[in-house]
Every structure is written in C-alpha cells, then in structure tokens.
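Here is the structure we will look at.
The values are calculated or read from the model by the stated rules, or taken from the named source; none is laboratory data. Values in this document were obtained by computation on a predicted structure and should not be read as measured data. Note: ideal-geometry Cβ built from the backbone for every residue, glycine included; neighbour counts use all protein chains shown.
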Amino acid sequence: MSGFVDLQHVNVKFFLEDAHAIKLEDAINVFHSWIQDQKLDDLLIDVADYRHVPSGPGVILIGHNAQYSFDNAESQLGVLYNRKTPVEAKGAEQIAQAIRMALDVCRLLAKEEVFVNTFKIATDRLQFIVNDRLLGPNNQETYDRLLPQFDAALADVFGEKDFQFERASEPRKRLTVTVQVLQGFTVWQERRGPPHLSADTPVRVFSATDKAWLDRRPRLIVLLCPARKQAFYLQNVGLLSCGFRLS
C-alpha cells in the first residue's frame with residue numbers, strides 16, 4: 001500500500017502555556033470583532049460558545065473554509081485550526097499550510113489587547129488530529145503512513161529539529177498525534193519567505209489598496225525585486241512576519 005495519505009481534514013492545535021490566564025469570555029468578544037472586521041482570509045460567519053461543556057470544544061469562530069477555536073479537549077486549552085473545505089495542496093504541503101494558518105491565528109490573537117499579557121503559545125509541543133475516520137482511522141498502519149508527511153511539514157515550517165511523535169492509542173478516538181519539539185520552536189520568526197530572497201534583499205510592496213488597509217488586513221502582498229526581475233506573492237502573511245527589509 002502506498003505511503004501517501006491524501007487527507008484534507010488534518011487539524012492543528014497549539015497549546016497555551018498558561019491556560020488559566022485566558023478568559024474565554026474575552027475570546028467570544030474578540031471573535032465577534034473579527035467577524036465584524038472580517039479579519040481572516042475566510043468568510044467568518046458566527047461564534048459558538050461551548051464553555052459549559054467540560055473538557056469540550058470551548059469557543060469556536062465559524063468560517064466558511066475553516067473553524068478557529070480556543071479548544072479545551074482533555075482540559076488542555078489551545079488554539080485549534082480545523083479546515084473544512086478542500087485545498088489544492090496535498091500531503092506534507094497541505095499539513096504545512098494548516099500549521100501556518102494556525103500560527104497566523106495565534107499571531108493575531110497575541111496582538112489583541114485583552115490577550116497581550118496572557119496569550120503565549122507553548123513552544124515545545126503541538127498536536128495533529130485527523131478529522132476523517134474513514135480515510136484516517138486511528139490505527140498503527142495509518143500512523144506509519146502519515147508520519148513522514150507530519151515530519152516533512154514540521155521541517156518545512158520550523159526547520160530541521162528533533163520531533164518526537166506519540167499517537168493516542170484509544171481506537172474510539174480520532175487519530176491524534178502529539179508532537180514534542182525538543183529544542184522548541186520560534187512562534188513568530190520562523191515563517192519562511194519566498195525562495196531566492198534573503199532577509200537583506202530590498203523589495204517594494206504593492207497592494208491594490210492603501211497602506212492603512214494593508215496594515216490592518218495583510219492579505220495578498222506583492223514583492224517586487226527589480227534587480228532579480230522576480231515577483232513573489234505572499235498570502236496570509238503580515239509585514240512583520242515576512243522578514244524582509246521593505247523600501
């Protein structure tokens with residue numbers, strides 16, 4: 001059987017260092033403001049409040065393409081990214097895309113005034129949940145086939161580090177893999193830029209809208225490098241995370 005598993009529904013969860021410092025009622029207000037401003041590159045629709053459920057799904061921001069939540073499954077609070085609609089990427093590339101989207105949400109949450117002193121991601125672990133019991137049953141065979149894709153996706157996002165993987169063996173659960181990152185990872189600075197451009201390469205930024213809009217909603221940024229006659233399109237990144245000197 002081929003080692004490749006084409007799964008569109010791989011969830012990514014980043015745990016919080018101090019869960020007790022986070023007030024989920026603040027998350028409700030923040031998510032409602034995101035709907036009003038359409039903060040993400042998704043059609044944001046509604047907020048679901050499951051705070052009353054012990055060790056439950058917490059507070060969920062419902063979008064057309066994905067759900068974004070403060071998830072409290074197994075009493076471990078974290079930020080969960082749950083893709084619902086298909087993406088063109090496959091395999092490790094699709095998983096890496098989900099990791100980056102989860103990090104983007106964490107970056108935005110960390111900037112919210114109510115979370116600026118309390119929101120901190122644990123940099124030594126994260127979790128994958130395969131939300132497809134048919135294509136990704138929780139067994140050793142599926143885990144063995146997915147492991148190289150998880151490893152390649154993590155290396156693509158965070159660089160070559162020592163990752164240790166542990167599968168939750170309970171067969172009634174979805175396939176859940178907790179990743180320990182022995183050296184830890186850098187949350188905001190590890191986002192990689194376009195190929196062939198170094199951090200010192202001068203580039204110019206163009207947008208169809210004015211800079212005030214760009215600062216508030218960095219969606220699609222065009223980087224032009226005239227000296228190299230190259231143009232790159234960065235989607236879902238902010239000016240601080242792309243890591244280039246802008247001129």
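Computed values, structure above
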item: Some residue of the range 23-45 being of a type in the set (D, E, K, R), outside any helix (DSSP H, G or I) and over 14 Å from the mean Cα position of the chain (by Cα); result: yes
item: Residue match in the range 99-120 (condition: closer than 29 Å to ASP37 by Cα and small (Gly, Ala, Ser)); result: yes
item: Options LEU16, LEU7, LEU43: the member that is more than 28 Å from TYR143 (Cβ to Cβ) and of a type outside the set (D, E, K, R); result: LEU43
item: VAL130 vs. criteria more than 25 Å from ILE28 (Cα to Cα) and surrounded by fewer than 20 Cβ atoms within 10 Å (Cβ to Cβ); result: no
item: Counted residues, the range 130-144 - those being of a type outside the set (Asp, Glu), in contact with a Leu (Cβ under 7 Å, 6 or more places away or on another chain) and touching a residue at least 60 places away in the same chain (Cβ under 8 Å); result: 4
item: Any hit, the range 25-37, residues being under 28 Å from ASP156 (Cβ atoms) and crowded, with 18+ Cβ neighbours inside 10 Å; result: yes
item: Set VAL114, VAL157: member being surrounded by 14 or more Cβ atoms within 10 Å (Cβ to Cβ) and over 26 Å from PRO86 (Cα atoms); result: VAL114
item: Those residues of the range 52-94 which are touching a strand residue (DSSP E or B) at 6+ places or on another chain (Cβ under 6 Å), of a type in the set (A, V, I, L, M) and either farther than 21 Å from ASP37 by Cα or in contact (Cβ under 8 Å) with a residue 60 or more places away in the chain (or both), in sequence order; result: LEU77, VAL79, LEU80
item: Some residue of the range 57-77 being of a type in the set (Phe, Trp, Tyr) and crowded, with 21+ Cβ neighbours inside 10 Å; result: yes
item: Residue check for VAL87: surrounded by fewer than 22 Cβ atoms within 10 Å (Cβ to Cβ) and modelled with pLDDT of 95 or more; result: no
item: Check on VAL130, closer than 23 Å to LYS90 by Cα and of a type in the set (Val, Ile, Thr); result: yes
